[in-house]
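Chemist: Sharing a structure below in structure tokens format, with a few things to ask.
The values are calculated or read from the model by the stated rules, or taken from the named source; none is laboratory data. Note that the structure is a prediction, hence the values are computed from the model and not measured. For neighbour counting, all protein chains shown are included, and Cβ atoms are generated from backbone atoms with ideal geometry for every residue, glycine included. For the accessible areas, the whole protein counts, side chains as well, though only heavy atoms, and no ligand, DNA or RNA atoms are used. Shrake-Rupley method; radii C 1.70, N 1.55, O 1.52, S 1.80 Å.
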Amino acid sequence: MDLKSLKVLEYEKIKEKLKLHCVTFLGKDIVDNLAPSTDMDKIQHMLNETEEAYKLIFRIGNPPLSEIEQIDDYLKRASIGGAITPYGLIQISKTLKISRELKSYLLSQRELLKSELGLLLEIADQIVIIKTLESKINDTIISEDEISDNASAKLRDIRRKIRVKNDNIKDKLNSILNNLSTKKYLQDNLITIRDGRYVIPVKSENKSSVAGIVHDVSSSGATAFIEPLAVVELNNEIRELEIEEKKEIERILLEISQLVKENAEFIKTNQELIGFIDFIFAKAKLAIEENATKPELNNKGYLNFKKARHPLLEGNVVPIDIYLGDDFNSLIITGPNTGGKTVTLKTVGLLTLMGQSGLFVPASDGSKLAVFEYIGADIGDEQSIEQSLSTFSSHMKNIVQILNEINKNSLVLFDELGAGTDPVEGAALAMAILNELKEKDIRVIATTHYSQLKIYALTTEKVKNASMEFDVETLTPTYKLIIGLPGKSNAFEISKRLGLPEKIIFNARELMTKENIEFEEVLKSIDADRKAIQSEKLEIENLKKSLNKLEKELEQERTKMILEKEKIIAEAKQSAIEVLENANKQAEDLIREIREVFFELDREKQNKILEVKKNFSNEINNIKHQIIETNKKINKKEKIKGVKIGQTVKVNSIDQIGTVLSMPDEKGNLDLQVGIMKINVNLSDLSIYEEDSNKDLTYNKKYNKNTLTKSKQIKKELDLRGYDTENAIMEIDKYLDDAYLAGIDQVFIIHGKGTGVLREGVRNYLSKHKHVKSMRYGEFNEGGDGVTVVKLK
């Protein structure tokens, strides 16, 4: 990579942004050494690592990382048999603790990582947990200045003896202080310490009256600090015990240092892995901050950035769509000054460098990134007064260097190619340079003001015009890139709106060549046609939305009518059954009364009664049969005469519900989505789907065997970043249907934060969706405002 181009494209500023997301110095060191790679496999590996970290942050929050210190010197000291200081051991313990917690963090999401490539699992498996050493250090070291009494039995015993001796000395000295014969010689009635020995303050003129050793004299000379002879032996014993204590502490530190030595390689590896994990998650956090996405790599020189944004710009950044390397290899961009031409060049260059460094790029999903071996950029005025170089000379020096260093797999970015000299010669030079690069199959994006280059792009194979849109009405650039249309000159229109007399503008037009005037008029006409087409396209889209809304309303009305019909039928059936049961009851009562006098009647009357009863029973059965047959006819599904895409239907042969994916062909065959399967059926096998009032269908829909299989395959998250609101809603609709059919209770809709347009559109739609029970923003460890958590009915 050309170092000067890296500087021009502000690559180092991206690294500085990345370092802000690193927690440890180790992660920052890795960022300092980061450089774009030309190895496509390595780049893909780095992007995949970033993607796994990205998903983990959304799932369970940031990893348990905190700042650690460099421990190499401590490990080196242990390796040569030296004792590590308590402070050094505390730092080693901290490293072991973070290693252990990081491994636990990663392994807690083993299933999620397994569903990806498991790259972070591979890193987690390399971390060695040394809990014994970590616990040993924590149990032994209280602080960098204090060792625990429980570090060893001997240390505990020594300190117990020291405490006893101290108490004995204080008792002795207190008796001396309280002795009336001694009290008159004392400066103060207190016990203090000098040179590690207990002493009492005696007036200097009375020091000969107190038997003992003088250890110090006050700065004024008025007080002598004397160790009475009565406690000298006790002080000596304490001093001996303190020496023993120091030796025991040194032994304990050396013992722990030996354990560190035995595990030094593991500790060193753990520390390096902490830095590497910190670096990976810093990339993921930067991607979240930038609302960036994972690009699709290729080595064919084809780049296609969708809704790309310059990562260093702040505020309301206008995204651009730019592509290169398929139908054309050279793109000539024209447009007004401060219209966004230079920013477009830097955006393409910087996003390419970011992608080749394993970073997500601030662009929409589906963006394609070409892996280049060389990126050269001549952007901005590199004029050097000290070297006596003009603007033209400075640019030409850079161009010469680029032409000498390029290879076939290169991307070259020229800002104002050929500028700074005579326009005719500059345009000729620019076309010659572009021809040279075209012959070598180099990918080139160049900005210019020269009309000759517009014509060159129109008449040269593999070269394409593009322009930065300018609003003549407001005299401001819109910063939108339009590929396929050269920028037209707005000098006359702008001058007229700013008040330049019409006469001068007319004379200026007269001075222009006929060809130039015609060319500008053609461009003006093309631009007007383009705007008209865009306006019509917008109108058509609005009409489509209105039609879709109307279709949904009609479908809702139809569903409502079906439900009302079923309700009326159900009520009628219930009424008929009640009437029938009531008649039956009355008949039974009548029969009981007749039965009481039945045997008192003659034979002929008995036969007549039996015949009436038989006829009545037959009539009742006939009525029941008619109700049952009527119900069967009512419940029988109506055959479908026609369908529309997205309609829900029933497949009679397999008794399943499906969604129409395509219109029937000439034979009546069409595609259906049934659960997770896509099947082809004939129209004759379909019937209108109506939900059964007894909810059996709901039970089967949510809990049959196919659904249980599907529930294992439907992810609990839907990533919409990069979608516009309309396409996002289409994705949500299909996803929620699948999730509902799969019996999933809760899902995560990832829309990102961004400008908030997509988020609001998604939430408005979710608030009205038939499957949505409730929704809320994600918690901090779920992605915050960038995620909506949806509870399904």
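Chemist: Which one of K716, K753 is touching a Gly at 6+ places or on another chain (Cβ under 8 Å), open to solvent by 20 Å² or more (accessible area, probe 1.4 Å) and farther than 28 Å from Q556 by Cβ? Spell out the reasoning first.
Modeler: Details: K716 fails: touching a Gly at 6+ places or on another chain (Cβ under 8 Å).
Going through K716, K753 in turn, just one is touching a Gly at 6+ places or on another chain (Cβ under 8 Å), open to solvent by 20 Å² or more (accessible area, probe 1.4 Å) and farther than 28 Å from Q556 by Cβ: K753.
Chemist: Which residues, counting only those in the range 739-773, are within 16 Å of L792 (Cα to Cα), charged (D, E, K, R) and touching a residue at least 40 places away in the same chain (Cβ under 8 Å)?
Modeler: The one that is within 16 Å of L792 (Cα to Cα), charged (D, E, K, R) and touching a residue at least 40 places away in the same chain (Cβ under 8 Å): D745.
Chemist: Out of all the residues in the range 110-156, which are under 30 Å from E52 (Cβ atoms) and open to solvent by 40 Å² or more (accessible area, probe 1.4 Å)? I'd like the intermediate steps shown before the answer.
Modeler: Restricting attention to the range 110-156, the residues satisfying the condition of being under 30 Å from E52 (Cβ atoms) are 110-131, 133-134.
Answer for the range 110-156, where residues must be under 30 Å from E52 (Cβ atoms) and open to solvent by 40 Å² or more (accessible area, probe 1.4 Å): R110, E111, K114, S115, E116, L117, E122, D125, Q126, V128, I129, K131.
Chemist: Quick check on I483: is it modelled with pLDDT under 80, β-branched (V, I, T) and either surrounded by fewer than 17 Cβ atoms within 10 Å (Cβ to Cβ) or on the phi > 0 side of the Ramachandran plot (or both)?
Modeler: No; evaluated as a whole, the condition is false for this residue.
Chemist: Shifting gears a bit: Has the range 725-741 got any residue that is part of a loop (DSSP other than H, G, I, E, B) and at pLDDT below 85?
Modeler: Just the residues of the range 725-741 that are part of a loop (DSSP other than H, G, I, E, B), to begin with: none.
No, there is no match, as no residue in the range 725-741 is part of a loop (DSSP other than H, G, I, E, B) and at pLDDT below 85.
Chemist: Next question. For the list (1) at pLDDT 95 or above; (2) farther than 15 Å from D278 by Cβ, I need the number of the one condition that L9 fails.
Modeler: L9 satisfies all of (1) at pLDDT 95 or above; (2) farther than 15 Å from D278 by Cβ except (1).
Chemist: If we scan the range 271-287, do we find a residue that is assigned to a loop (DSSP other than H, G, I, E, B), in contact (Cβ under 8 Å) with a residue 12 or more places away in the chain and under 23 Å from the mean Cα position of the chain (by Cα)?
Modeler: No: zero hits.
Chemist: Does any residue in the range 323-337 that is under 15 Å from N409 (Cβ atoms) and assigned to a loop (DSSP other than H, G, I, E, B) come within less than 7 Å, Cβ to Cβ, of a residue that is open to solvent by less than 20 Å² (accessible area, probe 1.4 Å) and small (G, A, S) six or more places away or on a different chain, and which pairs are these?
Modeler: G325/G301; G325/A370
Chemist: Turning to a different aspect of this structure: Given the criteria open to solvent by less than 20 Å² (accessible area, probe 1.4 Å) and of a type in the set (S, T, N, Q), does T24 qualify? Please lay out each step first, then the result.
Modeler: Values: open to solvent by less than 20 Å² (accessible area, probe 1.4 Å): yes; of a type in the set (S, T, N, Q): yes.
So T24 passes the test.
Chemist: So which residues in the range 263-301 are of a type in the set (D, E) and either touching a strand residue (DSSP E or B) at 6+ places or on another chain (Cβ under 8 Å) or within 30 Å of K136 (Cα to Cα) (or both), if there are any at all? Please lay out each step first, then the result.
Modeler: Going through the range 263-301, the residues of a type in the set (D, E) turn out to be 265, 272, 278, 289-290, 296.
The answer is E265, E272, D278, E296.
Chemist: If a residue must be open to solvent by 60 Å² or more (accessible area, probe 1.4 Å), within 20 Å of K170 (Cβ to Cβ) and touching a residue at least 40 places away in the same chain (Cβ under 8 Å), how many such residues does the range 231-258 contain? Can you show your working first?
Modeler: Just the residues of the range 231-258 that are open to solvent by 60 Å² or more (accessible area, probe 1.4 Å), to begin with: 233, 239-240, 242-244, 246-247, 250-251, 254-255, 258.
The next check asks that each one be within 20 Å of K170 (Cβ to Cβ); those that pass are 233, 239-240, 242.
Imposing the further condition that a residue be touching a residue at least 40 places away in the same chain (Cβ under 8 Å) reduces the set to 239, 242.
Residues that pass the stated criteria total 2.
Chemist: Taking T448 as the residue in question, decide whether it is under 25 Å from I494 (Cα atoms) and of a type outside the set (K, R).
Modeler: On the way: under 25 Å from I494 (Cα atoms): yes; of a type outside the set (K, R): yes.
Answer is yes for this residue.
Chemist: Still on this structure: In the list G339, G376, G358, G349, which residue meets the criterion of being small (G, A, S) and on the phi > 0 side of the Ramachandran plot? Before the answer, list the steps.
Modeler: On the way: G339 fails: on the phi > 0 side of the Ramachandran plot; G376 fails: on the phi > 0 side of the Ramachandran plot; G349 fails: on the phi > 0 side of the Ramachandran plot.
When all the criteria are applied, what remains is G358.
Chemist: Let me ask you something else. Select, from N48, N62, the only residue that is surrounded by fewer than 19 Cβ atoms within 10 Å (Cβ to Cβ), under 30 Å from S5 (Cβ atoms) and within 14 Å of the chain's Cα centre (by Cα).
Modeler: Values: N62 fails: under 30 Å from S5 (Cβ atoms).
Among N48, N62, only N48 is surrounded by fewer than 19 Cβ atoms within 10 Å (Cβ to Cβ), under 30 Å from S5 (Cβ atoms) and within 14 Å of the chain's Cα centre (by Cα).
Chemist: Given the criterion open to solvent by less than 30 Å² (accessible area, probe 1.4 Å) and either within 43 Å of the chain's Cα centre (by Cα) or β-branched (V, I, T) (or both), identify the matching residue among I455, I445. Write out each step before concluding.
Modeler: Details: I455 fails: open to solvent by less than 30 Å² (accessible area, probe 1.4 Å).
Criteria check complete, one pass: I445.
Chemist: Against the definition (open to solvent by 40 Å² or more (accessible area, probe 1.4 Å) and modelled with pLDDT of 90 or more), how does F279 come out, yes or no?
Modeler: So F279 fails the test.
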